[in-house]
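What follows is a set of notes on a single structure, which appears directly below.
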Amino acid sequence: MEPAPTLWSNALRACLAGFAALGLDADRVRRDAGIDAETLADPDARIPFELTNRVWPAAQAQWGRPGLGLHTGHALAFGELGVLDYVTASAATVGLGLAELARAFRIVSFGATALTFARGADGAGEVLYS
């Protein structure tokens, strides 16, 4: 039997930091999602998807307008995702950075979401979530 899908605590903390940067009450979002602060503080913790799936709706309820994902991504400071930010940014090209991120993505999401990066024959890149 496969383990239940999980999200890396650092990824969830990054989302919450983005929400806070937008003026949302990130602690309330965390509580509304049923995630305890102690678990979230553990850098090695894996948060069950059944809880993390509640985070964005709780944040959206506070935000109350479209575009929360784009605004959150824009509000994140470099380094919020720790080593993943540095692996991506230190690559020689954007394409190589995305390829490195895709390779390391299993750290972020286990058992539910996969990120792949592929180049077509024309050299164009494509990022795919599955």
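The values are calculated or read from the model by the stated rules, or taken from the named source; none is laboratory data. Just so it is clear, the model here is predicted, and its values are computed rather than measured. Ideal geometry is used to build each Cβ from the backbone, glycine not excepted, and the neighbour counts take in all protein chains shown. To get the accessible areas, we keep the full protein, side chains included, count just its heavy atoms, and leave off ligands, DNA and RNA. Shrake-Rupley method; radii C 1.70, N 1.55, O 1.52, S 1.80 Å.
Here the calculated FRET efficiency for Ala21 and Thr93, from their Cβ-Cβ distance with R0 = 22 Å, stands at 0.20, rounded to the nearest 0.05.
Applied to segment 25-32, the Karplus parametrisation 6.51 cos²θ - 1.76 cosθ + 1.60 on θ = phi - 60° returns per-residue 3J(HN,Hα) values of 7, 5, 5, 5, 4, 4, 5, 4 Hz, with x for Gly and Pro.
Taking the convex hull of the alpha carbon atoms in segment 1-112, what volume per residue do you get, in Å³?
Hull volume normalised by residue count: 108 Å³.
Split the accessible area of segment 21-84 by element, probe 1.4 Å, and carbon with sulfur accounts for 54%.
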